[in-house]
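The values are calculated or read from the model by the stated rules, or taken from the named source; none is laboratory data. Keep in mind the model is a prediction, meaning the values are calculated, not measured. With ideal geometry, Cβ positions are generated from the backbone for all residues, glycine too; neighbour counts draw on all protein chains shown. To get the accessible areas, we keep the full protein, side chains included, count just its heavy atoms, and leave off ligands, DNA and RNA. Shrake-Rupley method; radii C 1.70, N 1.55, O 1.52, S 1.80 Å.
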Amino acid sequence: MTRYRLDLHTVEARPSVLGGALIDVTITDPGNDRPTLAARAVWEIWSDGVPTRHKQWAQFDAEGRSEWLDLTRVGPYGPDGLSGGTYHLDGQHVTDRNGLLLALGEALLGPGANYGRCLDSVADSLCGGPSVVPPFTLVWHHADIARHALAGHILHHLGGLSYFEETVNLLRKRGVTVVLQ
């Protein structure tokens, strides 16, 4: 499902306290490149494959949503360069940047889909590949939730707009008709 580099070194091996032919092995701590505690609950959902239900990511906090976003790299992928149509983004749970990216990927490509880990990735996805490319219409339901939640996430390097405003501007500049509801 994902990759973590674990540099494990055996410190000790001894007969197990459980008896029989078992052994207890003590290993060194792998350091800071390991899954977060939030990963377990996310991985449980993904253990049977790519999710097929919408908004399963919404139950998680920021750390869990980050783990979910990492897992969306595995697919599913639609046909290359699918264009046109109307898509619906349910913004009810868009309360952070990862939530926005997850809701966007889900709206355009379905549950467990990835449309980018950041706005640069979204811009790249809008240019082609296994994604929906403009022109198309995105109806963003409950847009005020994201507008309010992301108001404090100012992108100073992009003219001081909020993450929400910059996302809407990016979509529109690339040829997406964005309807905020």
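Would you please state the base-10 log of I(q)/I(0) at q = 0.13 1/Å for the stretch 79-155, with intensities from the Debye formula using one equal scatterer on every alpha carbon? Scattering profile of the stretch 79-155, log10 relative to I(0): -0.37. Accessible surface ranking for Asp61, Asp48, Asp7, 1.4 angstrom probe, highest first: Asp48, Asp61, Asp7.
Once the 1.4 Å probe is applied to the protein heavy atoms, the stretch 74-170 comes out at 42 Å² accessible per residue.
Any idea what the relative contact order of the chain is, in percent, if you count C-alpha pairs under 8 Å spaced at least 6 apart?
Working: 304 pairs, mean separation 32.1, N = 181.
Answer for the chain is 18 percent.
Which residue fluctuates most in the GNM of the chain (Cα springs below 10 Å): Gly110, Gly129, Gly19? Per the Cα network of the chain with a 10 Å cutoff, Gly19 tops the list. Of the accessible area of the stretch 66-134, with the probe set at 1.4 angstrom, what percent is carbon plus sulfur? Roughly 49 percent, rounded to a whole number. Relative to the longest principal axis of the Cα atoms of the chain, the long axis of helix 163-173 lies at roughly 60 degrees.
So if I place +1 on the C-beta of Lys and Arg and -1 on the C-beta of Asp and Glu, and nothing else carries charge, what would the dipole magnitude of the chain be about its Cα centre? I want it in debye, nearest 20.
For the chain, the charge dipole is close to 380 debye.
Think of the chain as having a plus end and a minus end, set by charges on the Cβ of Lys, Arg, Asp and Glu; of Leu170, Gly85, Trp57, Gly85 sits farthest toward the positive end of this dipole. Computed from phi, the 3J(HN,Hα) profile of the stretch 54-66 under the Karplus parametrisation 6.51, -1.76, 1.60 (θ = phi - 60°) reads 6, 6, 5, 6, 5, 6, 8, 7, 4, 5, x, 5, 5 Hz, with x in place of Gly and Pro. Here's how it looks for Val133: its modeled amide H is under 5 Å from those of Leu82, Ser83, Gly84, which are all 5 or more places away or on a different chain.
Residues whose amide H falls under 5 Å from that of Ser162, counting only those 5 or more places apart or on a different chain, are Leu155, with hydrogens built in the peptide plane. Across all Cα pairs in the stretch 12-121, the calculated P(r) in 5 Å bins from zero up to the longest distance comes to 2, 11, 18, 19, 14, 9, 7, 6, 5, 5, 3, 1, 1 percent per bin. For Arg53, Arg172, the ranking by accessible surface with the largest value first comes to Arg53, Arg172, using a 1.4 Å probe.
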